[in-house]
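The block underneath contains the structure these notes are about, expressed in structure tokens.
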2 protein chains.
Amino acid sequence: MPDCRFPFEKYPVVTLAHGAGGRFTQQLIDDVFTAALTEVQKDHDGALLRLEVGASERLVMSTDSYVVKPLFFPGGNIASLAVTGTCNDLAMCGAEPGELSCAWIIEEGFATESLYRLAVSMAETAAEVGARLVTGDTKVVERGHGDGVYLNVTGVGVRRLVCEPGLIRAGDSIIVSGDIGRHGCAIMTQRQDLQLQSPLASDCAHLWPQVEDLLPLSENIHCLRDLTRGGLATALSELSQSSKLQMTIETERVPVSESVSSVCELLGLDPLYTANEGRMVILCSPQAETEVLRILDSGAAVIGRVEEGQGIVATGAFGVDRVLDRLSGEQLPRIC
Amino acid sequence: MPDCRFPFEKYPVVTLAHGAGGRFTQQLIDDVFTAALTEVQKDHDGALLRLEVGASERLVMSTDSYVVKPLFFPGGNIASLAVTGTCNDLAMCGAEPGELSCAWIIEEGFATESLYRLAVSMAETAAEVGARLVTGDTKVVERGHGDGVYLNVTGVGVRRLVCEPGLIRAGDSIIVSGDIGRHGCAIMTQRQDLQLQSPLASDCAHLWPQVEDLLPLSENIHCLRDLTRGGLATALSELSQSSKLQMTIETERVPVSESVSSVCELLGLDPLYTANEGRMVILCSPQAETEVLRILDSGAAVIGRVEEGQGIVATGAFGVDRVLDRLSGEQLPRIC
């Protein structure tokens, strides 16, 4: 971690005074949270954006709050998750992640050094995708409220690709960008303190680089959707509802790693409903299928096809069909 | 309140399932939170913005999370406060509030009907200033975490006025747009359950309409700053630090209502440090003073002048000077 002049020994934990908007708040912002910002615009409680929007272009905005527990998990932490999560939502709208805000709700008593680790991680994650963190906010709530840190990251970006459920057509291929369920399983093994032979890391990662690589195929890319809370089944169910078409998948073609399979079996989870933070489905014309697979990582796979009808039909082993619904209740609370 | 088809009797409180991203979350969004949105763009986890940015214009972005307690208070609630607060931050950057996102962190067990009241109030408050609420997010945390509702509102808008601490000059007039301390006092009387003869309401209100009225004087308006956490003294202290100039004020010219005076005396608060949510200071050329006062409501007053030097000097009764510092610790936790 880069050096930090914040007096961690004198103030090892956040106090309510750090949230009162006075000198303590300023010190926390200057010494700790500035590490998260790409460019410090000190004089205002807002930031001038650099986004350049051409006459034919449109801006996209997306927001997410993050309440994941634990705050640090194999493959990421709440801050890296918050940046990738919001940037991925922009990417799924076809927008290049441009500028981001971050707003921290911190529980009194939270370690200031952990806060700094999170701020640094946030900056690194934004830099990975070329997004700029330009403005922020800090609130502190009393001990026992909140839960360490809750984080909001909101982003704006310029749309580079028009893709939406309304463009999905019967006959489209359904492609998943990699194996599913890693994020949910990584969080659950951490929470349950399961000792695995090969530790399972979250798939938490930016999707924009893959979307950018797909831009030359834009005519044939109809819709993108990241798999988050509720997993692949919930994402496909939403797409079915929006497009008024049926999503037919062959469950045996859905890539699931051995470790995810084992954890799911152990904990009674269904990988199809387990959370991801670095995977998407691509709905595209069948003639673009091979090219999409070539562009994406080797983990990508065609898992099914769009048909007239509604809902999701999953064809499993021995050709038995089952109808999948979206997650109705909770599978894993506070997964993101 | 407009009718709502959400089954409040069946689901009187929010459950963890409402935060899991599945069918329950969708119902909460469709039936409750949609009331908050100006335009529903259902198909994406982000919204296309309508903001039109000309070649010579710049976009501004601002974010704030709100953790105010109690959630409903005289003169407002957490949702109206969140919308005015973020829109005011944009206005202080000279930007017209354009498009907003809202992100809710809800405690399990929170009344769904209260949530709907908040969503409706949010929509009304955004409409007042012509801002558009275009996208949102919902998370639910376990009972005992959070505190009813925490809310983030992030906004973007087009800059109409260039104003910043760097433009402040020695000789500038310091004008406050109305009497101070109402928000802090309203919250405190509510929290302490004080019975006042004349109930005190928060000053929670949009500042953009006043800023818009001042646009014809843009050459002479050097800086705007809203008075929030930490009050007038903290705002002036920050401006002094950023501009490297001294703010000299005559405390007897600072407008304070009788009820705010009494409450402050009773609770041992200093109105100069008490929070506001609908007041700003305007730093302008002295020749614009009269015109600014004419444009603002009758409550506005010239309270001092910018001088060479640093810090805030407050001249009180009998001409005694005292040096004010920014709030160093906490005066009122969770005031916004």
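Sorting A:192-199, B:260-267 by average packing, meaning the other beta carbons within 10 Å per residue, from highest down gives B:260-267, A:192-199.
Using θ = phi - 60° in the Karplus curve 6.51 cos²θ - 1.76 cosθ + 1.60, the 3J(HN,Hα) couplings for region B:60-65 round to 10, 10, 9, 10, 8, 9 Hz; x is entered for Gly and Pro. Across chain A, Cα pairs under 8 Å and at least six residues apart give a relative contact order of 22 percent. Taken over the alpha carbons of the protein assembly as shown as equal point scatterers, the Debye sum produces base-10 log I(q)/I(0) values at 0.11, 0.12 Å⁻¹ of -1.07, -1.25.
Against chain A, whose longest principal axis comes from its Cα atoms, helix A:78-92 is set at around 40 degrees. Its convex hull of Cα atoms gives chain A a direction-averaged projected area, equal to a quarter of the hull surface, of 18.4 nm². The distance between label points at B:R191 and A:R169 comes to 6.1 nm (points 7 Å beyond Cα on the Cα→Cβ vector). Annotation for region B:219-275: trypsin sites (Lys or Arg not before Pro) lying in DSSP loop with at most 14 further Cβ atoms inside 10 Å of their Cβ are B:K244. Shown for B:D321: label points 7 Å from Cα along the beta-carbon vector, and their distances to the equivalent points in the other copies, 8.6 nm in ascending order.
For region B:45-159, the dipole from Cβ point charges (+1 on Lys and Arg, -1 on Asp and Glu) about the Cα centre works out to 120 debye, to the nearest 20. Once backbone amide H atoms are built at 1.01 Å from N, B:V67 has B:C336 as its partners under 5 Å, excluding neighbours fewer than 5 places away on the same chain. Convex hull volume of the Cα atoms of region B:1-40, normalised per residue: 80 Å³. Helix B:182-191 and the longest principal axis of the Cα set of chain B meet at an angle near 50°. Set Lys and Arg Cβ to +1 and Asp and Glu Cβ to -1, take the dipole of chain A about its Cα centre, and tell me which of A:L59, A:A317, A:F110 lies farthest positive. Sorting the options by dipole projection puts first A:F110. Listed values for region A:8-24 are Karplus-derived 3J(HN,Hα) couplings in whole Hz (6.51 cos²θ - 1.76 cosθ + 1.60, θ = phi - 60°), namely 4, 5, 6, 10, x, 10, 6, 10, 4, 4, 5, x, 8, x, x, 5, 5, and x replaces Gly and Pro. Evaluated over the protein assembly as shown, the count of Lys pairs having alpha-carbon atoms less than 26 Å apart is 14 (only pairs 8 or more residues apart or interchain).
Under 1.5 on a/c is rounded, so check that first for region B:217-296, then, if it is not, pick prolate when a/b is larger than b/c and oblate when it is not; a ≥ b ≥ c are the square roots of the alpha carbon gyration tensor eigenvalues. Cα axes put region B:217-296 in the prolate bin.
For B:D30 and B:S198, the difference between the fully extended length at 0.36 nm per residue and the C-alpha to C-alpha distance is 56.5 nm.
With the helix formula -39500 (n - 2.57) applied to DSSP H stretches of n ≥ 4, chain A reaches a computed 222 nm mean residue ellipticity of -7500 deg cm²/dmol. For region B:1-120, dividing the convex hull volume of the Cα atoms by the residue count gives 129 Å³ per residue. An ellipsoid equivalent to region B:165-324, defined through the eigenvalues of its Cα gyration tensor, has semi-axes of 26, 18, 13 Å when rounded to whole angstrom and sorted largest first.
Around the Cα centre of region A:1-40, unit charges on the Cβ atoms of Lys, Arg, Asp and Glu (plus for the first two, minus for the last two) sum to a dipole of about 180 debye. For chain B, the longest principal axis of the C-alpha atoms and the axis of helix B:112-129 are separated by about 50°.
Region A:101-178 and region B:82-131 have Cα centres separated by 20 Å. Distance between the 7 Å Cα→Cβ label points at A:D3 and A:A317: 6.0 nm.
Calculated FRET efficiency, B:E39 and A:Q241, Cβ-Cβ r, R0 22 Å, to nearest 0.05?
0.70
In the protein assembly as shown, the DSSP beta bridges split such that about 80 percent are antiparallel, to the nearest 5. Using the Cβ-Cβ distance between B:A55 and B:L215 with R0 set to 30 Å, the FRET efficiency works out to roughly 0.95.
Coordinate-derived values only; no laboratory data. Predicted model only: the values in this text are computed from it and were never measured. Note: ideal-geometry Cβ built from the backbone for every residue, glycine included; neighbour counts use all protein chains shown.
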